[in-house]
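Colleague: Before I ask anything, let me first share the structure, which is written out below as structure tokens.
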Amino acid sequence: MEGDKPSSESKLAHPDVVAGLVLIAACAAALGSTTTFREVPAMLSQNVPPTFFPRLILSVITILSLTLIVTARRRGRPRRDTIPPRVFLTAILLVGAALLVPRLGMLVTVVLVAVVLPFSWGERRPLRVVGLAFGLALAIHVVFVLGLGLRFPRGAFWEVWGG
């Protein structure tokens, strides 16, 4: 009888649980790698150890991954088994952004990503996207440059044209 056998789908872990566990494992590995960072002399540390920002980001990713795991059952199973093409577009965009930082600088790259990414995911309100992009860059500048005294890469473009 069909009702006696559990479906193969019910035996498998929810995809969000699997993704959350993989992300947590990756964060744990990355956190372990931060223990190998060399100590920076106090004069060069800019008041923040080199492990601070990576560990902060890894903590946020871990908390979001735990949330993904906890809320997975409430959302039910996703209807699609394929990965939407925009996921690959996002990955390509982020790799491209990493390559642009040395050329354009951190804040300009953040603005570009914050403009292109929402449009690639279907957002169609340009004023909100541009407001988000510049607001995000401003917030990053205020928190990290003015508040914590960190310096971000300015990029070759600004070195040549910005003085």
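Colleague: What distance in nm separates the simple spin-label points at L64 and A91, each placed 7 Å from Cα in the Cβ direction?
Modeller: Placing both labels 7 Å along Cα→Cβ, they lie 1.7 nm apart.
Colleague: Assign unit charges at the C-beta atoms only (+1 for Lys and Arg, -1 for Asp and Glu), then state the dipole size of segment 67-125 relative to its Cα centre in Debye, rounded to the nearest 20.
Modeller: Its charge dipole is roughly 420 debye.
Colleague: Roughly speaking, what is the stretch gain from V17 to F53, that is 0.36 nm per residue apart minus the C-alpha to C-alpha distance, in nm to one decimal?
Modeller: This chain segment gains 10.3 nm when fully extended.
The numbers here are math on the coordinates, done by the rules we state, and not lab data. Here the structure is a predicted model, which is why all the values come from computation and not from measurement. A quick note on method: Cβ atoms are made from the backbone with ideal geometry, for glycine too, and the neighbour counts reach across all protein chains shown.
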